[in-house]
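Here the structure comes first, spelled out in structure tokens, and everything after it is commentary.
Coordinate-derived values only; no laboratory data. No experiment lies behind these values; they were computed from the predicted model shown.
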Ligand SMILES: [Cu+2]
Ligand SMILES: [Zn+2]
């Protein structure tokens, strides 16, 4: 009796084990299939404006405003498109900053997003912040539209840019190759900021 019960329990445990194993395998296979089929593209959008107001529901201020859209199409490619107006002619530094905190306007958005502790650079450089998108170029009316495809900017995973901010600067980003003679002083910090000057528009990156 005792022996038979032990055998029965052993048999049941074994069956349950097989069932769980099969279910787990099916679930795992299903997950892999689903993630390959449905993961990309991932899309996000960011409305930029002075002080980042639209992101907090406030009044839109005059000045540099526009939309930046993100579309991650694979594990290592994200297309970033922008349509921005009123920022002034010429080049303007264009970055992802660490925070979407606009409690003190664009100033409170923190530094360039830099999870790998690199120095500032151009989008095509090995040594660059993840947030370094180079410059956008305003036409004679101060408007700019275009796109770039980046390998480091992601909308998924631990280094996702979702919930961070896009920043447009008043001046040209020197891409880390300019004056770095006064680290810590705004305007001579090429390897930190690109000397891109004032923050004229910002906004939060949100999943679309
Ligand atoms: Cu910036
Ligand atoms: Zn940077």
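Below, the figures for the structure above:
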{"read-out": "Long-range tail of P(r) for the stretch 82-134 (Cα pairs > 15 Å, %)", "value": "54"}
{"read-out": "Taking the stretch 42-207 and dividing mean pair separation by its residue count, relative contact order in percent (alpha carbons under 8 Å, at least six apart)", "value": "30"}
{"read-out": "Cα convex hull volume per residue for the stretch 122-167 (Å³)", "value": "95"}
{"read-out": "Space enclosed by the convex hull of the alpha-carbon atoms of the stretch 42-207, per residue, Å³", "value": "97"}
